[in-house]
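The structure under discussion appears below in the form of structure tokens.
The values are calculated or read from the model by the stated rules, or taken from the named source; none is laboratory data. Everything quoted here is computed from the prediction, not taken from an experiment. Don't worry about glycine lacking a Cβ; one is built from the backbone with ideal geometry, like all the others, and counts go over all protein chains shown. Each accessible area value is taken on the protein alone, full model and side chains, heavy atoms only, with ligands, DNA and RNA left out. Shrake-Rupley method; radii C 1.70, N 1.55, O 1.52, S 1.80 Å.
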Amino acid sequence: MKDRLSSMGIDWYFNPPGGPHMGGCYERLVRSVKVALGVALKERYPEEDLLHTLLLEAEFLVNSRPLTHVSVDPDDPESITPNHFLIGWKVQWLVDYFSSR
């Protein structure tokens, strides 16, 4: 197949991680959001504001996962999560938004 395609001027690149069903960890995070929404909605059709709130809650849930080692020792520092980076950025964005108004 590769020879036939190359004779037609087509370069063939086999990239399984590029397939949506082989996304690994980000596909698992998408599934986590779907499960959280499925539990919250239970086949209801929410208004736009409620759906927006549910999506934000699911985002917070997914971004609360630890990125570093979680220690059982209470004297150890807190584990870093994606929310540590995102919330700092969002707070700065809100401060800038309100100060511009």
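Once backbone amide H atoms are built at 1.01 Å from N, LEU67 has ILE80, THR81 as its partners under 5 Å, excluding neighbours fewer than 5 places away on the same chain.
Helix-derived [θ] at 222 nm for the chain: sum -39500 (n - 2.57) over DSSP H runs of at least 4, divide by residue count, nearest 500?
Working: 4 runs with 57 residues, N = 101.
For the chain, the value works out to -18500 deg cm²/dmol.
Ranking PHE60, LEU5, SER32 by how far each Cα lies toward the positive end of the dipole of the chain (charges on Cβ) leaves LEU5 at the top. Taking the 1.4 Å solvent-accessible surface of the chain as the whole, the part contributed by carbon and sulfur is 62%. Build a GNM of the chain with springs between Cα atoms under 10 Å apart, and of VAL62, VAL33, VAL72 the one that fluctuates most is VAL72. Of the listed residues MET8, MET1, the order by accessible area with a 1.4 Å probe, largest first, is MET1, MET8.
In the chain, the longest principal axis of the Cα atoms and the axis of helix 82-100 are about 70 degrees apart. In the frame of its principal axes, the chain has Cα extents of 60, 43, 38 Å, reported largest first. Couplings 3J(HN,Hα) for the range 72-79, derived from phi with the Karplus relation 6.51 cos²θ - 1.76 cosθ + 1.60 (θ = phi - 60°), are 8, 7, x, 7, 6, x, 5, 5 Hz, where x marks Gly and Pro. Our coupling estimate for the range 56-61, obtained by passing each phi through the Karplus curve with A = 6.51, B = -1.76, C = 1.60 and θ = phi - 60°, is 5, 5, 5, 4, 4, 4 Hz, Gly and Pro reported as x. In the chain, the longest principal axis of the Cα atoms and the axis of helix 25-41 are about 50 degrees apart.
Ligands, DNA and RNA are left out, and with a 1.4 angstrom probe the accessible area of the chain is 89 Å² per residue.
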